[in-house]
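**Student:** Quick one: the structure is below, and I'll ask about it shortly.
The values are calculated or read from the model by the stated rules, or taken from the named source; none is laboratory data. Quick caveat: nothing in here was measured; it's all calculated off a predicted structure. All Cβ positions, even for glycine, are placed from backbone atoms using ideal geometry, and neighbour counts span all protein chains on display. The accessibility values were calculated without ligands, DNA or RNA, using every heavy atom of the protein model including side chains. Shrake-Rupley method; radii C 1.70, N 1.55, O 1.52, S 1.80 Å.
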Amino acid sequence: MTLLSIVVPCYNEQETVSLFYDATSKVVDKMDMDYEIIFVNDGSKDKTLEECVKLYKSHPDHVRVIDFSRNFGKEGGLLAGLEYAKGDYITVMDADLQDPPEYLPLMMESINNENYDIVGTRRVSRKGEPPIRSFFARQFYKLINKFTEVEIVDGARDYRLMTRQVVDSILELKEYHRFSKGLFVWVGYKTKYLEYENVERVAGETSWNFWGLAKYAIEGIVAFTTAPLQIATIFGLLISFVAFIAMIFIIVRALIFGDPVAGWPSMMTIMLFLGGIQLLAIGIIGEYLSKTYMEVKKRPNYIVKKIYE
Ligand code: UDP
Ligand code: MG
């Protein structure tokens, strides 16, 4: 029988994991395939592990639990789950039921009947989200799509159903800084998106705050494009050009009209402006350098303490 693997990264989800199991198993039970739900406990500080193990004990043939030694972030959880998954089809879902399991049969149908390799989901609304957060999110998608070769659909969620082949391709990408949203697209394959209205989490709280998201956005850009590095070059060229014209102008003017002392404020502004741009450029280089540094160290993305299988 075909096997469906459901990868669920969990961080402080004690209230949601059993709700998730009930809702999801109800849908998958009807799908005429075998399934494994892989809960990855990402170093939760609450009773998530206990809840997952409880589920594992009552449904040993459907539940697996991977317990991390500490919190490694959602990307680590996703990777561990994908590496562990044995299914012919693999899906990744949030534990909070923001990814409606009712879509799984639809996704499976598209893969089987319409020859898609990936069926993803995207939110067409962001209701229940603070407006500035939505605004910055939109800008982020515009920016990353302009500068990178991957076309990340606005509002696309990680929730998607993939064939074994797609997941194997994703696992070939061995980079340490994993920006899954981009990796899922980068591997290519025929992809379809199902659209739905935003659903709020059933319980618990989101682990994202504004700065967390801002950092995530920078990660994404640095992981998928080196365009910011060129900004420094372009700025440098432009400013040198303007400075050169200004120099000729000043020399000619001094030769014709003499050189009355003036212009201290304008000189300060220009110096501060240039200083700012230099710092920005160094910061951009630093951003890439630090990523290279971490990449070179080849540390694992996660450490497993125990697997319940
Ligand atoms: N998550 C995780 N490790 C973390 C943060 C989050 O495994 O360090 C999981 C979390 O339990 C949830 C999913 O990633 O299943 C998405 O997180 P959340 O719902 O907080 O994000 P949002 O849906 O608000 O984007
Ligand atoms: Mg969520």
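**Student:** Counting just the residues of the stretch 183-226 that are part of a helix (DSSP H, G or I) and within 14 Å of ligand 2 (Cβ to nearest atom), which one comes out farthest from ARG133 (Cα to Cα)?
**Tutor:** If we take residues in the stretch 183-226 being part of a helix (DSSP H, G or I) and within 14 Å of ligand 2 (Cβ to nearest atom), then TYR216 is farthest from ARG133 (Cα to Cα).
**Student:** If a residue has to be within 14 Å of PHE39 (Cα to Cα), within 15 Å of ligand 1 (Cβ to nearest atom) and open to solvent by less than 10 Å² (accessible area, probe 1.4 Å) to count, how many in the stretch 83-106 make the cut?
**Tutor:** 5
**Student:** Looking only at the stretch 58-82, which residues are within 13 Å of ligand 1 (Cβ to nearest atom) and open to solvent by 30 Å² or more (accessible area, probe 1.4 Å)?
**Tutor:** Listed by number, the residues that qualify are ARG70, ASN71, PHE72, LYS74, GLU75.
Per-residue answers, yes or no, for (1) within 16 Å of ligand 2 (Cβ to nearest atom); (2) of a type in the set (S, T, N, Q); (3) touching a His at 6+ places or on another chain (Cβ under 8 Å):
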site: PHE20; (1), (2), (3): yes, no, no
site: ASP29; (1), (2), (3): no, no, no
site: GLU36; (1), (2), (3): no, no, yes
site: VAL40; (1), (2), (3): yes, no, no
site: LEU79; (1), (2), (3): no, no, no
site: VAL92; (1), (2), (3): yes, no, no
site: GLN98; (1), (2), (3): yes, yes, no
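**Student:** Turning to a different aspect of this structure: Would you mention how many residues in the stretch 34-57 are in contact with a helix residue (DSSP H, G or I) (Cβ under 8 Å, 6 or more places away or on another chain) and either open to solvent by less than 40 Å² (accessible area, probe 1.4 Å) or assigned to a strand (DSSP E or B) (or both)?
**Tutor:** 10
**Student:** For the stretch 1-33, enumerate the residues that are surrounded by fewer than 19 Cβ atoms within 10 Å (Cβ to Cβ), hydrophobic (A, V, I, L, M, F, W, C) and either touching an Asp or Glu at 6+ places or on another chain (Cβ under 8 Å) or closer than 25 Å to ILE118 by Cα (or both).
**Tutor:** MET1, LEU3, ALA23, VAL27, MET31, MET33 - these are the residues of the stretch 1-33 that are surrounded by fewer than 19 Cβ atoms within 10 Å (Cβ to Cβ), hydrophobic (A, V, I, L, M, F, W, C) and either touching an Asp or Glu at 6+ places or on another chain (Cβ under 8 Å) or closer than 25 Å to ILE118 by Cα (or both).
**Student:** Answer yes or no as to whether PRO131 is open to solvent by 60 Å² or more (accessible area, probe 1.4 Å) and either of a type in the set (Ser, Thr, Tyr) or at pLDDT below 90 (or both).
**Tutor:** Yes, satisfied.
**Student:** Right, here's the next one. Between a first residue in the stretch 282-309 that is of a type in the set (A, V, I, L, M, F, W, C) and a second residue that is part of a loop (DSSP other than H, G, I, E, B), which pairs have beta carbons less than 6 Å apart while being 6 or more apart in sequence or on different chains?
**Tutor:** Qualifying pairs under 6 Å: MET294/TYR176; ILE303/SER69.
**Student:** Right, here's the next one. What single numbered condition from (1) away from ligand 2 (no atom under 16 Å from the Cβ); (2) open to solvent by less than 60 Å² (accessible area, probe 1.4 Å); (3) more than 22 Å from GLY73 (Cα to Cα) fails to hold for LEU229?
**Tutor:** (2)
**Student:** Of the residues SER266, SER290, which single one is surrounded by fewer than 10 Cβ atoms within 10 Å (Cβ to Cβ) and out of contact with any Asp or Glu (no Cβ under 6 Å at 6 or more places or on another chain)? If you could, list the steps in order and put the result at the bottom.
**Tutor:** Values: SER290 fails: surrounded by fewer than 10 Cβ atoms within 10 Å (Cβ to Cβ).
Result: SER266 is the single residue among SER266, SER290 that is surrounded by fewer than 10 Cβ atoms within 10 Å (Cβ to Cβ) and out of contact with any Asp or Glu (no Cβ under 6 Å at 6 or more places or on another chain).
**Student:** When you go through (1) farther than 17 Å from VAL8 by Cα; (2) within 15 Å of ligand 2 (Cβ to nearest atom); (3) in contact with a Leu (Cβ under 6 Å, 6 or more places away or on another chain) one by one for ARG126, which number turns out not to apply?
**Tutor:** Exception for ARG126: condition (3).
**Student:** May I ask you to list the residues in the stretch 34-57 that are away from ligand 1 (no atom under 13 Å from the Cβ) and within 14 Å of GLU13 (Cβ to Cβ)?
**Tutor:** Within the stretch 34-57, LYS47, GLU50, VAL53, LYS54, LEU55 qualify.
**Student:** Output the residues belonging to the stretch 283-309 that are of a type in the set (Ser, Thr, Tyr) and not in a helix (DSSP H, G or I).
**Tutor:** TYR302, TYR308
**Student:** Six or more apart or on different chains, Cβ atoms under 7 Å: show the pairs whose first residue is in the stretch 135-155 and of a type in the set (A, V, I, L, M) and whose second is open to solvent by 50 Å² or more (accessible area, probe 1.4 Å).
**Tutor:** Pairs that qualify, where the first residue is of a type in the set (A, V, I, L, M) and the partner is open to solvent by 50 Å² or more (accessible area, probe 1.4 Å), are VAL150/TRP186; VAL153/ARG122; VAL153/TYR193.
**Student:** Scanning the stretch 171-182 for residues that are in a helix (DSSP H, G or I) and away from ligand 2 (no atom under 16 Å from the Cβ), which turns out nearest to TYR302 (Cα to Cα)? Full working, then the answer.
**Tutor:** Taking the stretch 171-182 as the starting set, the residues that turn out to be in a helix (DSSP H, G or I) are 171-172, 180-182.
Right, trim to away from ligand 2 (no atom under 16 Å from the Cβ) and you get 171-172, 182.
Details: LEU171: 14, GLU172: 17, GLY182: 20 Å.
My answer is LEU171.
**Student:** Could you count how many residues in the stretch 249-263 are loosely packed, with under 10 Cβ neighbours inside 10 Å and assigned to a helix (DSSP H, G or I)?
**Tutor:** 3
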